1. Only one of B:Asp101, B:Asp148 is buried (at least 20 other Cβ atoms within 10 Å of the Cβ), among the acidic types (Asp, Glu) and touching a strand residue (DSSP E or B) at 6+ places or on another chain (Cβ under 8 Å); which?
2. Given the residues B:Gly247, B:Gly237, B:Gly229, which is the only one that is within 30 Å of B:Lys22 (Cβ to Cβ), out of contact with any Pro (no Cβ under 6 Å at 6 or more places or on another chain) and either in a loop (DSSP other than H, G, I, E, B) or more than 14 Å from chain A (Cβ to nearest Cβ) (or both)?
3. Out of all the residues in segment B:30-45, which are more than 9 Å from chain A (Cβ to nearest Cβ) and under 19 Å from B:Thr228 (Cα atoms)?
4. Of B:Arg65, B:Arg69, B:Arg100, which residue is assigned to a helix (DSSP H, G or I), charged (D, E, K, R), more than 14 Å from chain A (Cβ to nearest Cβ) and touching a residue at least 12 places away in the same chain (Cβ under 8 Å)?
5. Just checking, how many residues over segment A:29-52 are of a type in the set (D, E, K, R) and either away from chain B (no Cβ under 14 Å) or more than 14 Å from A:Pro93 (Cα to Cα) (or both)?
6. Name the pairs: first residue in segment A:75-102 and without any contact (Cβ under 8 Å) to a residue 60 or more places away in the chain, second residue of a type in the set (Ser, Thr, Tyr) and crowded, with 19+ Cβ neighbours inside 10 Å, Cβ to Cβ under 6 Å, at least 6 apart or on different chains?
7. Give me the residue from segment A:61-77 that is part of a loop (DSSP other than H, G, I, E, B) and of a type in the set (Gly, Ala, Ser) and, out of that set, nearest to the other protein chains (Cβ to nearest Cβ).
8. Report, by residue number, each residue of segment B:274-287 that is part of a loop (DSSP other than H, G, I, E, B) and out of contact with any Lys or Arg (no Cβ under 8 Å at 6 or more places or on another chain).
Amino acid sequence: MVPKDLRYSKEHEWVKVEGEDAVVGITDHAQEQLGDVVYVELPAVGQQLEQFKPFGVVESVKAASDLFAPISGEVVAVNTELAKSPEKVNEEPYSEGWMVRVRMKEPSELNNLLDAAGYEKLVAEEG
Amino acid sequence: MSEDSGLKRTPLYDLHLAAGAKMVEFGGWEMPVQYSGIIAEHRKVREAVGIFDLSHMGRVYVSGRNALRFLQALATNDVEKLALGQVQYSLICNREGGVRDDILVYRLGDSDYLLVVNASNRLKVLGWMEEVLGGLAGAGKAELSIRDRTLETVMVGVQGPSSVSLLQPYVELPLEGLRYYHGAPSRVVGAEGYVSRTGYTGEDGFEAILPAEAGRQLWQQLAQVASTGAAALAGLGCRDTLRLEAGMPLYGHELEESINPFEAGLGRYVHPEKPELVGREALLRIRTAGPKRQLVGLEVTDRAIARQGTPVVVAGTEVGRVTSGSFSPTLDRSIAMALVAPEVAAERPPLEVAVRGAAHPAQIVGLPFYRRGRK
């Protein structure tokens, strides 16, 4: 099912905690719903994200969808590979399809996110 | 046929669900948008062959002594030049010269015709046909039969370079010799059907019309081949990206009641010299004066998609709007069609599309974006 070591937002983003940093992407369920991803609009390094506010756009063949920050903080890295290969979001949503790395402003915000079981339940209910 | 939530379903509906299709609403029907993925299906059509359920499109049979006169009034192309078995693209216009629908007209017999109309316009066109007929002086209704057979038939599209080899085993008519924009009656999986060499993808291909039950059998046979990987079931998602690459208009985007054929670059299908053509005065005026906007192709420099309604800007001034935009798997870039001022269409200055308020550079290119045989 979904990776157990990640945290999840209700908007289908995932967070991987690496020390002070949070790596962010969208879930397998999200990429499956979107269809073929053709373009990802991401913030610049240095930009401040606020938990649950829109921070970018993921565009599939049929439609564009907002990305919502699962955690607040400063963007310290952006996955520039996605400009050439947006399909990585579909193919490897939890690894090569990562989108931004954020230096967390307030790690306790992680408590506002779901764990793997909680996210799986959300997806089943949406279903 | 069940009508869950008011949407119609084709006779193949349950087969799409069984194949794992994602379904969407389109023109009042619940249709498959994709099975394996839009880009994968698109590429399969260009490289091998794709299979489409086209049963949602309206199939209206017009026959009788008055059929020719009626059709010459209804639609812009010259029906008289249709030989038996020939098909033509045509436009139904309102009295201001705007497009009510774009259609195919097939000559099935001496006074027997088939009109294939857009699903979203079927009821509108049927109503309009009554109005046009009523306006024909001295035309007896008894000498004309209009029969909508949409709900009792299936239409399957087989599109791609391997179309002939995929479809031939199920069709009696020799497909190789069937000319483009021609059709003929044929037994298909043993039933009486009609096959034409027509399509909406820019590839070689066929469209087969048959009774609903035979249509299901044909689909299941073709789906079996698709399961081997030699073909792909293809949905509305790639139908749109394919026709966009081929520079073909889609009603509701490049064509509308407020858009005339000349703006859409379709003047060659318009014959306003036909004395009873509905909209002829307006069409003559527009043709003489020249259209106020022109349809162009756009290639966006980055991969941002410029969708319908996106402003097209030259040196800070809006000069038009996108009518359709998507990702082109064949060209591996973002493409769009737009209606712009004629001088912009002629001069092709550098321009921008304003996607979500941000300017993305783009350039005008010739249509179509993709032509079969040219790699």
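Nothing in this text is a laboratory measurement; each read-out follows from the coordinates by a stated rule. All figures in this text were calculated on a predicted structure; none of them were measured in a lab. All Cβ positions, glycine included, derive from the backbone under ideal geometry; neighbour counts span all protein chains shown.
1. Result of the check over B:Asp101, B:Asp148: B:Asp101.
2. One residue alone meets the criteria, B:Gly229.
3. Selection gives B:Tyr35, B:Ser36, B:Glu41, B:Arg43, B:Lys44, B:Val45.
4. On inspection, the qualifying residue turns out to be B:Arg69.
5. 2
6. Hits for this filter: A:Pro86/A:Tyr39.
7. Taking the candidates together, the pick is A:Ala63.
8. B:Pro275, B:Leu277, listed by residue number.
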